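Report on the structure given below.
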There are 2 protein chains.
Amino acid sequence: MSKLCFGVDLGGTTVKMGLFSTDGKLLDKWERRTRKENHGRYILKDIADSIDSKIKEREIKKEDVVGIGIGVPGPVMADGTVLKCVNLGWGIFSVSNELRKLTGIDNIKVGNDANVAALGEMWQGGGRGFDNIVMVTLGTGVGGGVIIDKKILTGNRGAAGEIGHIFVNDREREKCGCGKRGCLEQYASAKGVVRLANRMLKSSDKKSCLRKYDRLYAKIIFDAAKSGDELANDIIEKFGYYLGVALAQIAQTVDPDAFVIGGGVSRAGNIIIDKMKRHYESHVMFALKDKAFRLAELGNDAGIYGSAKMVL
Amino acid sequence: MSKLCFGVDLGGTTVKMGLFSTDGKLLDKWERRTRKENHGRYILKDIADSIDSKIKEREIKKEDVVGIGIGVPGPVMADGTVLKCVNLGWGIFSVSNELRKLTGIDNIKVGNDANVAALGEMWQGGGRGFDNIVMVTLGTGVGGGVIIDKKILTGNRGAAGEIGHIFVNDREREKCGCGKRGCLEQYASAKGVVRLANRMLKSSDKKSCLRKYDRLYAKIIFDAAKSGDELANDIIEKFGYYLGVALAQIAQTVDPDAFVIGGGVSRAGNIIIDKMKRHYESHVMFALKDKAFRLAELGNDAGIYGSAKMVL
């Protein structure tokens with residue numbers, strides 16, 4: 001039997017798990033609820049039990065399991081220590097030591113969820129074929145991951161790739177969740193696009209099909225822009241400006257082979273790259289123009305792919 | 001006899017060269033003029049001759065030379081190909097192959113001068129003790145280098161660490177040398193500080209000792225700020241704002257262990273860090289506050305140190 005590994009994507013609501021062959025094939029995937037009771041003390045035990053069940057179910061020999069990778073929602077140090085996972089109720093402790101004890105499997109790698117998703121996309125998703133990518137995740141918030149030479153860049157305090165809090169607007173008066181003003185997340189997250197839309201709808205008297213909605217969602221705005229609504233187009237243009245400026249700052253620092261854009265908002269498709277690109281180009285120096293931009297391809301599976309890749 | 005290596009810092013005016021022991025001691029250093037005639041075709045030959053003379057002078061056995069590192073003023077690919085060194089008249093060719101042929105020494109490493117200086121500062125200068133630093137060079141222009149895991153980050157087109165062209169001001173109307181508007185270099189280079197000063201002197205009617213000069217230099221402005229001149233202080237505060245914003249963008253992307261600030265302007269000393277820090281702090285998320293900031297220590301020798309380090 002060939003060698004195997006597990007990739008675990010630990011989220012605030014569900015734990016996604018995947019069984020991979022060491023040549024990178026996803027053989028099986030399944031989910032469990034994340035039990036957050038008692039400061040999340042059952043979470044790693046549940047994961048270990050679930051892996052153990054899978055090993056028994058498939059009659060896998062333990063010596064054929066080369067390792068377990070796990071992505072967690074919070075900052076992670078290079079040694080597998082989490083600093084605080086607010087969503088899980090976790091404090092500071094070594095996830096790798098704990099999971100090693102619980103599973104009896106030695107090779108445990110821990111990463112931040114956004115970084116791990118970036119690694120997954122580099123490996124078998126939109127960033128395939130590139131060794132150095134920056135992934136931007138446009139979801140409930142805006143996150144990201146920097147992959148250098150096929151490895152996650154963790155940073156001194158696990159904050160590398162915290163792209164959502166790049167400063168893009170010095171005229172902003174409202175505060176971002178992080179306490180600063182003018183962060184990319186305030187314009188490019190699912191909420192951010194809606195906020196931008198509500199603001200522009202208020203300050204303009206242009207006709208727009210968006211005015212008929214009591215409550216807007218990012219998808220409605222992108223769809224309206226695609227179908228030719230002028231004000232919706234202005235909104236997405238503005239969104240593209242902020243995203244383009246942020247990616248330009250990143251490129252001036254790390255000059256990646258490619259950018260990969262993922263997260264729920266990215267389901268709007270190529271319009272995101274189309275609208276952002278012009279602004280990116282006008283904010284980078286000559287050598288950085290014509291960069292490769294890709295949409296993410298693995299969707300919700302990026303985390304289990306990336307986690308598996310960490311141990312391979 | 002212990003093993004040795006050469007570090008070469010090739011500039012537009014002079015070539016600096018250093019002989020190092022493999023444990024990192026600078027044993028000798030010397031300079032030559034950079035002969036730029038005929039599209040710089042004599043430059044590498046001159047360097048090879050100079051190294052050869054030193055080998056003879058010191059009766060070094062060629063097998064004791066472990067390699068030659070060289071920093072060049074322009075973008076360099078990971079394989080040692082230069083893309084264009086405008087200052088030298090060079091086009092596209094492999095510096096490593098050429099220097100290998102000329103010297104008969106196999107191990108040749110080529111890097112961009114700003115990146116190489118960053119590596120030097122990490123090794124034996126202001127960044128000593130850190131494995132991941134970002135160096136910012138405030139000189140005639142603003143350059144920089146990103147060191148990840150003790151290695152230079154080159155980037156896809158040799159443009160990683162091109163910090164001088166990070167976008168920091170969307171109200172700028174004048175163009176930067178790169179063709180964009182609002183680049184850090186327009187405010188934080190030696191020229192940039194003076195430009196900022198002239199602009200603020202014109203738009204204010206505050207008294208200032210700076211008004212008595214026909215022509216300003218960065219040093220005059222920093223000195224005036226240190227001695228309590230209010231307008232000079234405002235100018236340096238503004239300089240600090242732009243620098244702080246740029247470093248914040250970098251930190252959100254790579255979260256380095258430390259920033260090292262070098263170049264001619266940095267001779268003004270700690271006032272640079274003092275003025276920049278508050279603005280940095282207010283533009284980064286919580287995890288990135290209290291970053292280590294250091295002044296560069298190797299001055300004009302950073303390049304030869306970094307070049308040597310590339311082959312060690």
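The values are calculated or read from the model by the stated rules, or taken from the named source; none is laboratory data. The structure presented is a predicted model; accordingly, all values stated were derived computationally and were not measured. Ideal geometry is used to build each Cβ from the backbone, glycine not excepted, and the neighbour counts take in all protein chains shown. SASA here: full protein model, heavy atoms, side chains in, ligands and nucleic acids out. Shrake-Rupley method; radii C 1.70, N 1.55, O 1.52, S 1.80 Å.
Below is a table of values for the structure above.
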{"read-out": "Summed buried accessible surface, chains B and A, 1.4 Å probe, nearest 100 Å²", "value": "3300"}
{"read-out": "Descending semi-axes in whole angstrom, ellipsoid equivalent of the protein assembly as shown, from the Cα gyration tensor", "value": "43, 34, 22"}
{"read-out": "Net charge over other residues, Cβ less than 14 angstrom from the Cβ of B:ASP149 (K, R count +1; D, E count -1)", "value": "+1"}
{"read-out": "Solvent-accessible area per residue for the protein assembly as shown (1.4 angstrom probe, square angstrom)", "value": "43"}
{"read-out": "Rg followed by Dmax, in Å, when chain B is reduced to its Cα trace", "value": "20.4, 67"}
{"read-out": "Cleavage-rule hits, chymotrypsin sites (Phe, Trp or Tyr not before Pro), the range A:1-75, DSSP coil, Cβ neighbours within 10 Å at most 16", "value": "A:TYR42"}
{"read-out": "The range B:224-298: translational diffusion in µm²/s, Stokes-Einstein, Kirkwood Rh over Cα pairs, 4 °C, 1.567 mPa s", "value": "102"}
{"read-out": "Label spacing, shortest first and in nm, from B:LYS36 to its equivalents in the remaining copies (7 angstrom along Cα→Cβ)", "value": "6.2"}
{"read-out": "Sum of -39500 (n - 2.57) over DSSP H runs of 4+, divided by residues of the protein assembly as shown (222 nm, nearest 500)", "value": "-11000 deg cm²/dmol"}
{"read-out": "Inter-chain shielding of A:282-291 (mean C-beta neighbours from other protein chains, 10 Å cut-off)", "value": "6"}
{"read-out": "B:ASP290-B:LYS219 FRET efficiency (beta carbon distance; Förster radius 30 Å; 0.05 resolution)", "value": "0.50"}
{"read-out": "Zone residues, the range B:262-294, relative to B:GLU237, backbone N less than 15 Å from point 7 Å out along Cα-to-Cβ", "value": "B:274-280"}
{"read-out": "Distance-filtered residues of the range B:92-115 - backbone nitrogen under 14 Å, label point 7 angstrom along B:LYS45 Cα→Cβ", "value": "B:99, B:102-103"}
{"read-out": "Within the accessible area of the range A:123-199 (1.4 Å probe), percent carbon and sulfur", "value": "43"}
{"read-out": "Two-site FRET efficiency, A:VAL86 against A:THR13, from Cβ-Cβ distance with R₀ of 25 Å, rounded to 0.05", "value": "0.95"}
{"read-out": "Cα shape, the range A:46-155, gyration tensor, a/c 1.5 rule", "value": "oblate"}
{"read-out": "Nearest-20 debye value, chain A charge dipole, Cβ charges on Lys, Arg, Asp, Glu", "value": "820"}
{"read-out": "Net dipole in debye of the range B:219-273 [+1 Lys, Arg Cβ; -1 Asp, Glu Cβ; about Cα centre; nearest 20]", "value": "180"}
{"read-out": "Cα-based shape type of the range B:144-251, given that a ≥ b ≥ c are square roots of the gyration tensor eigenvalues and the cut on a/c is 1.5", "value": "prolate"}
{"read-out": "Kyte-Doolittle mean at least -1.0, axial Cα span of 18 Å or more - DSSP H helices of chain A", "value": "A:43-57, A:190-203, A:230-254"}
{"read-out": "Interface residues in the range B:152-175 - accessible area drops by 50 Å² or more relative to the isolated chain, probe 1.4 Å", "value": "B:LEU153, B:ASN156, B:ARG157, B:ALA159, B:PHE167, B:ASP170, B:ARG171"}
{"read-out": "Local net charge near A:ILE70, Cβ-Cβ under 10 Å (Lys/Arg +1, Asp/Glu -1)", "value": "-1"}
{"read-out": "Gyration tensor (Cα) of the range A:105-207, equivalent ellipsoid semi-axes in angstrom", "value": "32, 15, 11"}
{"read-out": "Accessible surface of the range B:213-276, 1.4 Å probe, proportion on carbon and sulfur as whole %", "value": "43"}
{"read-out": "10 Å beta-carbon shell around B:LYS238, net charge (K/R +1, D/E -1)", "value": "0"}
{"read-out": "The range A:1-105: GluC sites (Glu not before Pro) in DSSP coil with no more than 16 other Cβ atoms inside 10 Å", "value": "A:GLU59"}
{"read-out": "Net charge dipole size for the protein assembly as shown [Lys, Arg +1 and Asp, Glu -1 on Cβ; Debye, nearest 20]", "value": "1320"}
